[in-house]
Amino acid sequence: MILIDGKKIAAELREELKQEVSELKAKYNKVPGLTVILIGDMAPSQIYVRNKEKFANEVGLKSEVIRYPETIEEKAVLDKIEELNKDESISGILVQLPLPNHIDKQKVIETILPGKDVDGFHPMNVGNLSSGYESSVPCTPLGCYLMIKKIEPNLSGKKAVMIGRSNLNGKPMAQLLLKENCTVTITHSRTKDLKAECLEADIIVAAVGIPELVKADWVKKDAIVIDVGINKTDKGIVGDVAFDEVSKVAKALTPVPGGVGPMTIACLLKNTIECFKRSLK
Ligand code: GUN
């Protein structure tokens, strides 16, 4: 079994990005800038944002975090986004989710200029991705995709099963794999026989938030299994895949932690650089 070392692949990707940033700096005398807006003090969001800042600095991006209290008014956030849209030194804007209930997530996402939408959440980017055009691609599925391609460069004709249909993971992941000529099935909570669907799969991407849902007898021998889950349980953080047993049948599997997580952040940096390069065109 191949343990897909997301930490290592992400470190390699950051090294390439660092090189690219230094070349861009030499050529244009400026570097891509990423601004993250963090509202409230939810612990997981604080940790993500701290890591984003740390790695953005590591690859040489201009990085800023704007922190607002939980009680900030929606208008103040939208006004700040408008200001950042106009700021030429900012290539990418990310508003950390989830948001407090009084702030409309859709409004926030749609206020970010599509060209600065490093999350790939704006309807323009979602549409472009599904049409197969150039777009920002959500960071988590992009990270999963890059890991899958490391294991299997030619995905044509493979059967891929997404578990979960979220805008964050399942749907964009399906688009990426469709583009690679996979036959894609998106499953969800109303799927009749999830185990039977998984048993057909050459590639499984689990992103539902149910601890250790995917068992060894759900997985075809030699399947590639990507675990997007991060679930807090009595025995610590576990993914959506029963790691110990699935590792005995899968060809390749991502660990939790150390799989998808580090790749997500590296892909955010990659997206920021892509937005910068597209803005030069
Ligand atoms: N919260 C958890 N994951 C994400 C993500 O990919 N983007 C944003 N903006 N917020 C998140």
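For the reader, a short list of remarks on this structure follows.
- Gyration tensor (alpha-carbon) shape descriptor, the range 55-159, a/c threshold 1.5: prolate
- Residue separation of Glu88 and Asp234 scaled by 0.36 nm, minus their Cα-Cα distance, works out to 47.8 nm of gained length.
- Computed from the Cβ-Cβ distance with R0 of 25 Å, the FRET efficiency linking Ala76 to Lys54 stands at 0.40.
- Spacing of the two label points (7 Å from each Cα toward its C-beta) at Ser156 and Glu12, in nm: 2.4 nm
- Helical contribution to [θ] at 222 nm, DSSP H n ≥ 4, -39,500 (n - 2.57), averaged over the chain, rounded to 500: -13500 deg cm²/dmol
- Mean Kyte hydropathy of -1.0 or more with a Cα span along the axis of at least 27 Å, helices from DSSP in the chain: 6-28, 260-280
- Among Lys86, Lys179, Lys30, the largest mean-square fluctuation in a Gaussian network model of the chain (Cα springs under 10 Å) belongs to Lys86.
- Pairs from Lys8/Lys75; Lys159/Lys270; Lys52/Lys220; Lys105/Lys251; Lys75/Lys150; Lys54/Lys116 whose Cα-Cα separation, in the structure shown, is over 32 Å: Lys8/Lys75; Lys52/Lys220; Lys105/Lys251; Lys75/Lys150
- Cα pair count fraction exceeding 22 Å, expressed as % - the range 132-234: 24 percent
- Build a GNM of the chain with springs between Cα atoms under 10 Å apart, and of Asp119, Asp193, Asp240 the one that fluctuates most is Asp193.
- Prolate/oblate/rounded call for the range 146-188, Cα gyration tensor, a/c under 1.5 rounded: prolate
- On the principal axes of its alpha carbon atoms, the range 1-90 extends 47, 40, 17 Å, with the longest extent given first.
- Unit Cα scatterers, Debye sum, the chain: log10 I(q)/I(0) for q = 0.10, 0.11, 0.12 Å⁻¹: -0.53, -0.64, -0.76
- Highest-MSF residue in the chain out of Gly60, Gly170, Gly259 [GNM, Cα springs under 10 Å]: Gly60
- Exposure rule at most 16 other beta-carbon atoms within 10 Å, DSSP loop GluC sites (Glu not before Pro): the chain longest free segment: 201-281
- Which of Met124, Met263 has the fewest Cβ neighbours within 10 Å, and the rest in rising order: Met124, Met263
- Take each peptide in 222-233, 41-52, count the other Cβ atoms within 10 Å of every residue, and average; sorted highest first, the result is 222-233, 41-52.
Only the coordinates and a few stated rules stand behind these numbers; no lab work does. Predicted model only: the values in this text are computed from it and were never measured. Methodologically, a virtual Cβ is constructed for each residue, glycine included, from the backbone with ideal geometry; neighbour enumeration extends over all protein chains shown.
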